[in-house]
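The values are calculated or read from the model by the stated rules, or taken from the named source; none is laboratory data. From a predicted model like this one, the values you see are computed outputs, not experimental measurements. Cβ placement follows ideal geometry from the backbone for every residue including glycine, while neighbour counts extend to all protein chains displayed.
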2 protein chains.
Amino acid sequence: MTLYIIGIGLDNEKDISLKGLEKIKKCSKIFLEYYTSRLNCTVERLEEIYGRKLILADRDMVEKDAEKIINPAKESDIAFLVIGDPMGATTHTDLMLRAKEADVKIEVIHNASILTAVGIVGLELYKFGKTISIVFPQDDWKVQAHYDVIRDNQKAGLHTLCLLDIKMKEPSKENLKKDVGIFEEPRFMTVNDAIKNLLAIESERKEKVFTEDTVCVGCARIGSFEKKIIAGTAKELLEADFGAPLHCLIVPGKLHFMEEQALDIWK
Amino acid sequence: MTLYIIGIGLDNEKDISLKGLEKIKKCSKIFLEYYTSRLNCTVERLEEIYGRKLILADRDMVEKDAEKIINPAKESDIAFLVIGDPMGATTHTDLMLRAKEADVKIEVIHNASILTAVGIVGLELYKFGKTISIVFPQDDWKVQAHYDVIRDNQKAGLHTLCLLDIKMKEPSKENLKKDVGIFEEPRFMTVNDAIKNLLAIESERKEKVFTEDTVCVGCARIGSFEKKIIAGTAKELLEADFGAPLHCLIVPGKLHFMEEQALDIWK
């Protein structure tokens, strides 16, 4: 019996590969990792095209109760669906290691990943340094570590891909205390939010890592025909409307002549 | 009308996405980029599943006669199929730029790429430096630039993904002179060939970039259920049989504790 870890791509219900769909149809349980990303379609639409009911796996299930996903694979074929490519995120490497420990056979079915798909903006993929996540500020606690990563990548001439926070199933502070299982509406960080975040840190740190004049690339819905890409200064992008999620932001490092040419397309 | 640049994945005829297949079926001409990579199935098998005849596009057509692909897209929808993800290779960025110049609308349908799929070995993707190609030596002319890239990546603590040469449609030296259009059998560089190549350069340069004791990761058929991954010293991998193509070789940089743990799986 096998645990199939299946990438379902970046856009919608039609991004699944024929091979992935074939496996989904023969698995006894199908989990969908449903807290690190989102598609441009509903879960119901996935179920319709896949022809199967999906079990939504939130962070608690994947990180704390992984055996709920792994153990059934000792008895029958199980699918664990991941938006993008399963190898794009370390969480899933962790799931693979645990499954190996439990002596459960694993097969991975790859798909498109944001890490490769961002190549569409015309920046060389191998010149991307460490990828960062920019998260919504919580209470008075402001994370600044991502600012340091952008600075270090810049020093090495490397581009930085900033993935932006999403809150799929989080309780309000009040409901968290009460532990009543009531969750807020999903929230998605915009390119504009991300730029404000970086400018706020800049105004405190003043290391000239990310100013209003920093040229960057705002992206929305990469992998979809409805994608939007704009290259411009932080100040310019702050005014732009990127529309529906997911958004991401690229802070370029040193630009090669060809890369500059490519970015011109999006200006 | 649109030029659809469609990734068809890494393994076989079943790696196409539902969206990609839908577009292929409605295009008037379908080109397959057929010189930088290969799948684990025949072109006939692709044609059977896609339900369409494919026009094989070799290097000359894509690099010198790109208008043969771009111009028809002014009249009707055209598909250009690329093994892996179209954004994985700069050739296709070039095709995109030319199409934009010719005022032809382009849409990209992404798919799995070797650049992300290699994450399956357990090395962090953002710690990969510049990707290199190791090519078959020609006459007495030995390329050594890739050795320098491995060295520079190592200095920066970065991993190097080495893609290995493939010759899909090359004339022999004799037939090239005669220009008779007769081509050799396809050839694919093995992990063993690549290691021999690097050791040969090492014995000349003696910079201790790649010795018999260098720990590396040999990979074959990544993206397929029949993949083979072995981690070990260059000397050990030199003896290993990786089977059918495509092969690639990873020369790790500085290993994080978690990465060491992951590599242990493949020893």
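List pairs: first residue in region B:20-37 and assigned by TED's automatic domain parsing to the domain that holds B:GLU170 and at pLDDT 95 or above, second residue in a helix (DSSP H, G or I) and surrounded by fewer than 19 Cβ atoms within 10 Å (Cβ to Cβ) anywhere in the structure, Cβ distance under 9 angstrom, at least six positions apart or on different chains.
none
Looking at region B:128-166 only, could you name the residues that are under 22 Å from the mean Cα position of the chain (by Cα), more than 16 Å from B:VAL209 (Cβ to Cβ) and modelled with pLDDT under 90?
Of everything in region B:128-166, those that are under 22 Å from the mean Cα position of the chain (by Cα), more than 16 Å from B:VAL209 (Cβ to Cβ) and modelled with pLDDT under 90 turn out to be B:PRO137, B:GLN138.
Spot the failing condition for B:ASP58; the list is (1) within 14 Å of chain A (Cβ to nearest Cβ); (2) within 18 Å of the chain's Cα centre (by Cα); (3) over 28 Å from A:LYS127 (Cβ atoms), and only one is missed.
(1)
For A:PRO86, which of the numbered conditions (1) surrounded by fewer than 24 Cβ atoms within 10 Å (Cβ to Cβ); (2) within 28 Å of B:PRO86 (Cα to Cα) fails to hold?
(1)
Between B:GLU226, B:GLU212, B:GLU204, which is in a helix (DSSP H, G or I) and either of a type outside the set (Phe, Trp, Tyr) or within 14 Å of chain A (Cβ to nearest Cβ) (or both)? Quick ask: steps written out before the conclusion?
Numbers: B:GLU226 fails: in a helix (DSSP H, G or I); B:GLU212 fails: in a helix (DSSP H, G or I).
Going through B:GLU226, B:GLU212, B:GLU204 in turn, the sole match is B:GLU204.
Limited to region B:221-235, what total is found for residues that are under 18 Å from B:HIS159 (Cβ atoms) and free of Cβ contacts under 8 Å to residues at least 40 places away in the same chain?
Number satisfying all stated conditions: 4.
Looking only at region B:98-125, which residues are within 7 Å of chain A (Cβ to nearest Cβ) and surrounded by fewer than 19 Cβ atoms within 10 Å (Cβ to Cβ)?
Applying the first criterion (within 7 Å of chain A (Cβ to nearest Cβ)) to region B:98-125 yields B:100, B:107-108, B:110-113, B:115-117, B:119-120, B:122, B:125.
Scanning region B:98-125 gives B:LYS100, B:GLU107.
Restricting attention to region B:236-267, report how many residues are part of a loop (DSSP other than H, G, I, E, B) and either within 23 Å of B:GLY157 (Cα to Cα) or without any contact (Cβ under 8 Å) to a residue 40 or more places away in the chain (or both).
Taking region B:236-267 and keeping what is part of a loop (DSSP other than H, G, I, E, B), we get B:240-246, B:252-256, B:265-267.
Narrowing the set further to residues that are either within 23 Å of B:GLY157 (Cα to Cα) or without any contact (Cβ under 8 Å) to a residue 40 or more places away in the chain (or both) leaves B:241, B:243, B:252-256, B:265-267.
So the count comes out to 10.
Which one is surrounded by the most Cβ atoms within 10 Å (Cβ to Cβ), of the residues in region B:69-83 that are within 14 Å of chain A (Cβ to nearest Cβ) and in a loop (DSSP other than H, G, I, E, B)?
B:ILE83
Scan region B:211-219 and give yes if some residue there is touching a residue at least 40 places away in the same chain (Cβ under 8 Å) and small (Gly, Ala, Ser), otherwise no.
Taking every residue of region B:211-219 in turn, none turns out to be touching a residue at least 40 places away in the same chain (Cβ under 8 Å) and small (Gly, Ala, Ser).
Looking only at region B:232-246, which residues are out of contact with any Gly (no Cβ under 7 Å at 6 or more places or on another chain) and crowded, with 21+ Cβ neighbours inside 10 Å?
Restricting attention to region B:232-246, the residues satisfying the condition of being out of contact with any Gly (no Cβ under 7 Å at 6 or more places or on another chain) are B:232-236, B:238-239, B:241, B:243-246.
Matches in region B:232-246: B:ALA234, B:LEU246.
Considering only region B:40-78, state which residues are at pLDDT below 95 and of a type in the set (Phe, Trp, Tyr).
Within region B:40-78, no residue meets the criteria.
If I go through region A:94-121 residue by residue, how many of them are within 19 Å of A:GLY20 (Cβ to Cβ) and in contact with a Gly (Cβ under 9 Å, 6 or more places away or on another chain)?
Number satisfying all stated conditions: 11.
For region B:15-40, enumerate the residues that are within 23 Å of the chain's Cα centre (by Cα), assigned to a loop (DSSP other than H, G, I, E, B) and either closer than 19 Å to B:PHE188 by Cβ or more than 10 Å from chain A (Cβ to nearest Cβ) (or both).
Hits for region B:15-40 are B:TYR34, B:TYR35, B:THR36, B:SER37, B:ARG38, B:LEU39, B:ASN40.
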